[in-house]
Every structure is written in structure tokens, then in C-alpha cells.
Amino acid sequence: MSEMNPGGRFTFPGTALTVNRVGYGAMQLAGPGVWGPPNDPDGAMAVLREAVAAGVNHIDTSDFYGPHITNQIIRQALHPYATGLVIVTKVGGRRPPDKSWQPASSPRELTDGVHDNLRNLGLDALDIVNYRAWGSGHGLGEGSIAEQVTVLEDLRRKGLIRHIGLSNVTAIQLAEARTITDIVCVQNNYNLAYRHDDALIDNLADEGIAYVPFFPLGGFTPLQSSVLSDVAGRLGATPMQVALAWLLHRSRNILLIPGTSSLAHLRQNLAAGQLTLTPQSFAELDAIAGAAAVEHQ
């Protein structure tokens, strides 16, 4: 493996939607606990505007962030939207007054969720809607998702959705969904330490389907963090930048959506797209998950 400088762009399969591989996740624009308005609404809008000005054209959001708040901030900051900006949202969850996260997967709830996203984003059609499955197995959804995907496919045929993706799903659920409609992206928990989707990522890459990891630094042990910090120190980068760069190097179908409400943090995240990992650094990082498995035997 030679020195790599990934960056680059990705086109969702069967679509005219092409995005830069470093995008932006909007969840942190809401208040503490992803609930209510942010402490600094003007600052939240400034982050969005700088992200787009810097070349971000892939924003990940949901109307149950806030709830409603995140999409309202996106609309206030960016509408009318720049040509080529791809907004990916998700349905399948709700936030009741107790601030918990609950599934909302009935046909009525999914339909209402799509209309909520349309209204609060100020759109006539949503570029991509992910169905967010719920379950306990490795943090992944369990059981059939045929009913939910069929609802989204019906909304796509009506022109309210252009394309469909999935979030928090297993390979079996993905295969089931693909018998109903085309799937353009999968959004699951994956990072240097949490590698359960390695085979899935490779299979999706063969199909040209995007894989969008969340929690890029979640679940690290002290040992793993030490290795990451050592590599980051040699590269003159932050651990988060190195973790993001590794994801870009891992596979060309991986798209990043790091979130932040800080302009300084946003700039660091975007700079990760230009970070070059040597073969030695990549190998050290790639071995983190295996070393942790041995440590816990």
C-alpha cells in the first residue's frame, strides 16, 4: 500500500447525487442532549454556513433531532439551498417529552416523519431518507423491516422521497430491503475499535453502495486510545482527525458525517480529509481492533 490521500467524491448508486466524502452531521446543532434549541443559535447557523462554504455538500440530519430544531436551523441558515447540496434525513424515531429515544416505525409514524422533514427543511422532496431500525443485537435493529421499507418505497413513488437508505441494520435486513427497493446507503456504528461491519463494508463497496459510519470515536479502551494518540502525535494531528482519516482510507465507499457545534472543531474535521496516512500508520491503526480482542481474552 502506497501513501494515500483519500478525499475525493462519491456518487450514490443509481442517482445523480455526488458528494464530497467529508460531510457534516447536524445532530449536535440542537441543545444539550439533542433536545431543544442550542445555547447559541447564531453560532449553530455559522457552523452550517462555513461547512457549505468550505465545500461540504452532504448534510445528515433528522426531524427527531431536537425534535424539529435541527432541521429548522438548517432551513434558516441555508435555504434556499445551494445547487448540489444533498440533505440526507432519517425516520423511524421519536422524542417524547421525557427526552428519551423511542421507535416510531408504524406506517402512519413513518409517513408523518417524512412530512415533518419536508416541512421543517422547506423541501418538496427529500434527497435520501434512511429508515432507522431499532433493536439490541450489537446495537443493531432486529427482525423484518419489510413493512417500513415498503412505506418509504410508496412515498418514493409518490415523489416525496427520491432515494432510500437504511440505518442501524444487519446484512440480513439490508438484503430484505433490497428485494423491495434500491438502497443507496447504509448508516451503522463503525470505527477503529468497533469493526463488526468489516465484511458488510466490503460487500457494499463491490455494489457501489455508500457506507456512512457513526460514532467515529465511540467504544475505545485506554489501550486503543493510546495507539491512536501515538499515531496522531507523529502526524501532528488530533486523534479525531486520524480516526476520520483512517475511515476514509478504509474503503472508497465510506462517507463521513462528523458533527460539531464549534467552528474550530469543524475546521479540524474537514482538514482530516487531507491527512495522508503512511502504510505504517495505516497498519498500526488497522490492528487496533485485533489488539483489543486479544487484550480481552
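VAL184 meets all of the listed conditions (1) in contact with a Phe, Trp or Tyr (Cβ under 8 Å, 6 or more places away or on another chain); (2) modelled with pLDDT of 95 or more; (3) under 22 Å from GLY143 (Cβ atoms) but one, namely (3).
Condition test on ASP230, is it modelled with pLDDT of 95 or more and either outside any loop (DSSP other than H, G, I, E, B) or more than 28 Å from ALA177 (Cβ to Cβ) (or both)? Criteria not met by ASP230.
The residues listed here are ALA205, ALA199, ALA287; of these, the one that is of a type in the set (A, V, I, L, M), surrounded by fewer than 19 Cβ atoms within 10 Å (Cβ to Cβ), farther than 28 Å from ILE73 by Cα and modelled with pLDDT under 95 is ALA287. Flag: ALA193 does not match the condition of being modelled with pLDDT of 95 or more and under 30 Å from HIS249 (Cα atoms).
Taking the criterion of being over 14 Å from the mean Cα position of the chain (by Cα) and of a type in the set (Gly, Ala, Ser), the residues of region 195-213 that qualify are ALA199, ALA205, GLY208. THR15 passes every criterion in (1) buried (at least 17 other Cβ atoms within 10 Å of the Cβ); (2) under 29 Å from SER105 (Cα atoms); (3) in contact with a strand residue (DSSP E or B) (Cβ under 6 Å, 6 or more places away or on another chain) apart from (1). Could we say that PHE64 is over 22 Å from GLY273 (Cα atoms) and touching a strand residue (DSSP E or B) at 6+ places or on another chain (Cβ under 6 Å) here? The answer is yes for PHE64. Could you please give the count of residues in region 70-108 that are closer than 24 Å to VAL22 by Cβ and of a type outside the set (D, E, K, R)? So the answer is 18.
Applying the condition of being β-branched (Val, Ile, Thr) and either at pLDDT below 90 or within 16 Å of LEU217 (Cα to Cα) (or both) to region 255-284 and asking which residue is surrounded by the most Cβ atoms within 10 Å (Cβ to Cβ) yields ILE257. Within region 35-52, does at least one residue satisfy the condition of being buried (at least 21 other Cβ atoms within 10 Å of the Cβ), modelled with pLDDT of 95 or more, in contact with a Leu (Cβ under 7 Å, 6 or more places away or on another chain) and within 27 Å of VAL151 (Cα to Cα)? Within region 35-52, none of the residues are buried (at least 21 other Cβ atoms within 10 Å of the Cβ), modelled with pLDDT of 95 or more, in contact with a Leu (Cβ under 7 Å, 6 or more places away or on another chain) and within 27 Å of VAL151 (Cα to Cα). Comparison of VAL86, VAL91, VAL129, VAL114 shows that the only residue that is more than 23 Å from LEU256 (Cα to Cα), touching a Leu at 6+ places or on another chain (Cβ under 7 Å) and crowded, with 20+ Cβ neighbours inside 10 Å is VAL114.
Restricting the search to helices (runs of 4 or more DSSP H) fully inside region 39-150 and requiring at least 2 residues that are touching a residue at least 24 places away in the same chain (Cβ under 8 Å) and small (Gly, Ala, Ser) gives 41-53. Contact annotation: residue pairs with Cβ atoms under 7 Å, 6 or more positions apart or on different chains, pairing a residue in region 266-289 that is among the aromatic types (Phe, Trp, Tyr) with a partner that is part of a helix (DSSP H, G or I) and surrounded by fewer than 21 Cβ atoms within 10 Å (Cβ to Cβ), are PHE282/HIS249.
The values are calculated or read from the model by the stated rules, or taken from the named source; none is laboratory data. Keep in mind it's a predicted model, so treat the numbers as computed, not measured. With ideal geometry, Cβ positions are generated from the backbone for all residues, glycine too; neighbour counts draw on all protein chains shown.
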